[in-house]
Amino acid sequence: MSCRPIPLDGAEIDGDFSHRAVMNSISLKFSLMVTSVAMAAMLAGVWLVEVYRHHDSRAVFLPSRVITLFPDPKPLTAFALTDDKNRVFDLARLKGKWSFVFFGFTHCPDVCPTTLAVLARAREDIASDAAGAEDIQFIFISVDPNRDTASNLRRYVDYFDTTFLGVTGDDAQIGNLAGQLGAVYRVAITPGAKDYPVYHSAAVFLVDPLARYHAVFTPPLDAAAISKRFKVVRELDAGEAP
C-alpha cells in the first residue's frame, strides 16, 4: 500500500481563487490517488511473490484470507534497530512474545493511522480474552528514519496505544528485517524537500515467541477478525508445544 503525504496547511483558498486553479488542484489530487492505487497494486503483487518465495509456496489461509499461516515458520536472523526510547531493538527483543509488526512512517496520511487504530482495537480484544495480552507486543517500524526520530515515534504510537513500540534504524538494517519478512517499501527522497512520498505494504506480520515469521495478516484489516484468528493461532501453537 502506498502513502503519499500531502500538506494540509500552508495552502489557503480564498473567494477569488479561479475555477481553473480549483480544477487543476482536483486533477492533481486525482492523479496522485491513481498513482498511489497503482503503486499499491504493484507492491501487493511483489509482496505476495516474496511471501511464497520465502516459504516455498507452503502457506495456508486460516480460516479465511484474513491471515496466511505458514506451516514451517521461518527463523529470523540478526538485525539491529533502535526503539523509541533509544534502546537497542534486535532479534532478542522478538523472543518470548508474539509480535505484530507493521512497517510505515509517521507522516503517512491514511494507511498507517488506520492500521494502527485497527491494531489498537485488536489488542483490546486480545487483552479481554482469558489468555490475555502479556505475551504479545505491537511494533511499528518506520521506514523513514530521515524524519522519524525516537521522540517522534514515541509520540506517534502513544496516540494509538501506550503499549505500542516504535522502532527505526539505518536504511540497511530496516531493509534487513523488511527483507526477511517480505515487506516491500520505497522511500522517494528528494534532496532539499521536507515532504516526499513513501510507499509501503499494508500487511501486518506475525512473529512467534521463537522469533520466527509465523503468519501474516492481509488487508482489509479488521480488529475482530485479527483477534479471532490470533486466538486460533496461539491455541494451535500451544497444542504443538512439547
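Derivation of every value follows stated rules applied to the coordinates shown; laboratory data play no part. On a predicted model such as this, the values are computed, not experimentally measured, just so you know. Don't worry about glycine lacking a Cβ; one is built from the backbone with ideal geometry, like all the others, and counts go over all protein chains shown.
Exposed (fewer than 13 other Cβ atoms within 10 Å of the Cβ), of a type outside the set (A, V, I, L, M, F, W, C) and over 23 Å from Lys97 (Cα atoms), is that true of Gly239?
no
Among the residues of the range 169-179, count how many are in contact (Cβ under 8 Å) with a residue 60 or more places away in the chain and either surrounded by fewer than 18 Cβ atoms within 10 Å (Cβ to Cβ) or under 12 Å from the mean Cα position of the chain (by Cα) (or both).
Of the residues in that region, 2 qualify.
Across the range 112-160, which residue is farthest from Asp171 (Cα to Cα) among those that are in contact with a Gly (Cβ under 7 Å, 6 or more places away or on another chain) and aromatic (Phe, Trp, Tyr)?
Result: Tyr156.
Please find, within the range 150-168, the residue that is nearest to Ile139 (Cα to Cα) out of those that are in a loop (DSSP other than H, G, I, E, B) and touching a helix residue (DSSP H, G or I) at 6+ places or on another chain (Cβ under 8 Å).
Phe164
Which of the residues spanning the range 136-147 are part of a strand (DSSP E or B) and among the β-branched types (Val, Ile, Thr)?
Once the filter is applied, which keeps residues that are part of a strand (DSSP E or B) and among the β-branched types (Val, Ile, Thr), the range 136-147 yields Ile136, Ile139, Ile141.
Need the failing condition index for Ala133 against (1) outside any loop (DSSP other than H, G, I, E, B); (2) surrounded by 15 or more Cβ atoms within 10 Å (Cβ to Cβ); (3) more than 12 Å from the chain's Cα centre (by Cα), just the number.
Every condition holds for Ala133 apart from (1).
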